[in-house]
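Remarks on the structure that follows.
The values are calculated or read from the model by the stated rules, or taken from the named source; none is laboratory data. Everything numeric in this text was worked out from a predicted model, so none of it was measured. Every residue, glycine among them, receives a Cβ derived from its backbone with ideal geometry; neighbour counts consider all protein chains shown.
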Ligand SMILES: [Zn+2]
């Protein structure tokens, strides 16, 4: 993926120890976690007392299925000022800003940039306590995307989805949830909570997640048209990542039975299909996962 040298966003907030604030160059984080792995049941928001749909962005893993995901702690060296992963995230976020601002403007609306928070381990959010083990997520109440960059190691080493474009897809998916928030889509789904059965609610959650995948594809479509980001093998990386974090893949991989009613993100095939749909068409209209019969 060709991203170096492109614009970097000012909307990244770094909460990883000493590198936050005005130019804390070279400082290592105060908390020494080191390299290691922690294993926590990934059960979305429930375990932390958070309404799972309020934390929309949990990228993989279902609230109902409780698959196990090992989250690797990012090495401490990631907090130094000249941090290539941070540069990547800032560049990617800027790219989504440019693409979505343009799409909103053409549609006669105004895009509000989300913030992206880098954290390590745990961090407070307007949706409750955010945990690295939940994977990257978006909180509509503060309009921020949260990511512990250790997830990228998890993605590569545990989930079998390496590559910078797979990492880009993760951010684009979370930004997709922000777009849903701005468009009032997530709010509509949230209003169904308590009015429909848990199974029906999970089905709505799947449609919401697949739409975020499709929006990630829409971003990739325009980013590539404008800046020729994609290199050989990039698409396969994103498609592979979409497959690796399907509910069925995660549930099966955790050794449990695959229970479709408990899916909240969609199967591997569905996630691949909707990402590809957005990528091919490049339009929000092509991402109507709510009225389609065939997911
Ligand atoms: Zn999501």
- Note on the structure: Matching residues in the range 165-194 (in contact with a helix residue (DSSP H, G or I) (Cβ under 7 Å, 6 or more places away or on another chain) and more than 16 Å from the ligand (Cβ to nearest atom)) number 3
- Message: Just to be sure before I move on: is residue 198 surrounded by fewer than 18 Cβ atoms within 10 Å (Cβ to Cβ) and modelled with pLDDT under 95 in the structure I sent?
- Response: yes
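Of the residues 232, 251, 272, which single one is modelled with pLDDT of 80 or more and in a helix (DSSP H, G or I)? Spell out how you get there, then give the answer.
Details: 232 fails: in a helix (DSSP H, G or I); 251 fails: modelled with pLDDT of 80 or more.
So the residue among 232, 251, 272 that is modelled with pLDDT of 80 or more and in a helix (DSSP H, G or I) is 272.
Taking residue 160 as the residue in question, decide whether it is within 13 Å of the ligand (Cβ to nearest atom) and part of a loop (DSSP other than H, G, I, E, B). Steps first, please.
Values: within 13 Å of the ligand (Cβ to nearest atom): no; part of a loop (DSSP other than H, G, I, E, B): yes.
Against the criterion (within 13 Å of the ligand (Cβ to nearest atom) and part of a loop (DSSP other than H, G, I, E, B)), residue 160 does not qualify.
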- Task: Return yes when residue 166 is modelled with pLDDT of 90 or more and either crowded, with 23+ Cβ neighbours inside 10 Å or at positive phi (or both) and no when it is not.
- Result: yes
- Among the residues listed as 226, 203, 243, the single one being within 25 Å of residue 158 (Cα to Cα), part of a helix (DSSP H, G or I) and out of contact with any strand residue (DSSP E or B) (no Cβ under 8 Å at 6 or more places or on another chain): 243
- Of all residues in the range 106-125, how many are touching a strand residue (DSSP E or B) at 6+ places or on another chain (Cβ under 9 Å), more than 16 Å from the ligand (Cβ to nearest atom), within 18 Å of residue 168 (Cα to Cα) and not in a strand (DSSP E or B)? 1
- Task: Name the residue, out of 210, 204, 229, 250, that is surrounded by fewer than 24 Cβ atoms within 10 Å (Cβ to Cβ) and farther than 26 Å from residue 7 by Cβ.
- Result: 204
- Message: I'm trying to understand the selection: among the residues of the range 126-140, which are farther than 19 Å from residue 173 by Cα and in a strand (DSSP E or B)?
- Response: 128, 129
- Among (1) surrounded by fewer than 23 Cβ atoms within 10 Å (Cβ to Cβ); (2) within 16 Å of the ligand (Cβ to nearest atom); (3) not in a helix (DSSP H, G or I), where does residue 265 come up short? (1)
